[in-house]
Structures are given as C-alpha cells and as structure tokens.
1. Which part of region 6-27 falls in the paramagnetic zone of Glu62, meaning amide N under 16 Å from the point 7 Å along Cα-to-beta-carbon?
2. Compute, for Arg20, the solvent-accessible surface of its heavy atoms (probe 1.4 Å) with the complete set of protein chains present, and express it in square angstrom to the nearest 10.
3. Convex hull volume of the Cα atoms in region 8-80, per residue, in Å³?
Amino acid sequence: MDSRELITLTSAEVRALAERLRARATSVMVHDAPSQQSDGILAAGALVHLVAELQALRGEIERVASSASDMAHHLRELLLDREAHDRGTVTVRFD
C-alpha cells in the first residue's frame, strides 16, 4: 500500500480494526514476544480512545456551529431593528 494513499474509515471500521489488533496481540502466537503483545494492546486501546475523542469533538463543534448560527440570526435581527430606529420608527417585539 502506498503510504500517501488516503483511506477513509468510519468509526465502526476503526473499532473493528482495534479489535483485530487486540485479538492478534493476545493471540498465543505472540506470547513469546511480550513487547509486541503490549504494543498491540496499547495500539488497539489508543485507537478506541481516539475515536471516542474525535466523536466528542465533532459533537462539540456541531453544538458551537449551531450556537454561532443562532447568534448570527439574532445579530441580523438587531441590525434590522437598528435600521428601523435610525429611520425614526420604533419596533416593539414580544418574544
């Protein structure tokens, strides 16, 4: 595989990869290589942790983006209210 090739994986695919790594690391085939075994277990755990962190980050970004959109809407309303005020009219809203 070319190291510059981009590969897209879903979170489920990364979890499945982590499980395969963990299974290989705990296999009887690597019992005589404890450092390889611990590296495989660590790599699997790191992948699972990173996927969870990325999902949490994505959720936070979506929340902030939604909040920013709401704020932009309110700012536009304030600008429209200000323009009406500058023309000598008064707008009263009951929200």
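The values are calculated or read from the model by the stated rules, or taken from the named source; none is laboratory data. All figures in this text were calculated on a predicted structure; none of them were measured in a lab. With ideal geometry, Cβ positions are generated from the backbone for all residues, glycine too; neighbour counts draw on all protein chains shown. Heads up: the accessible areas ignore ligands, DNA and RNA and are worked out on the full protein's heavy atoms, side chains in. Shrake-Rupley method; radii C 1.70, N 1.55, O 1.52, S 1.80 Å.
1. 10-12
2. 120
3. Working: hull volume 5.9 nm³, N = 73.
In region 8-80, the Cα convex hull volume per residue is 81 Å³.
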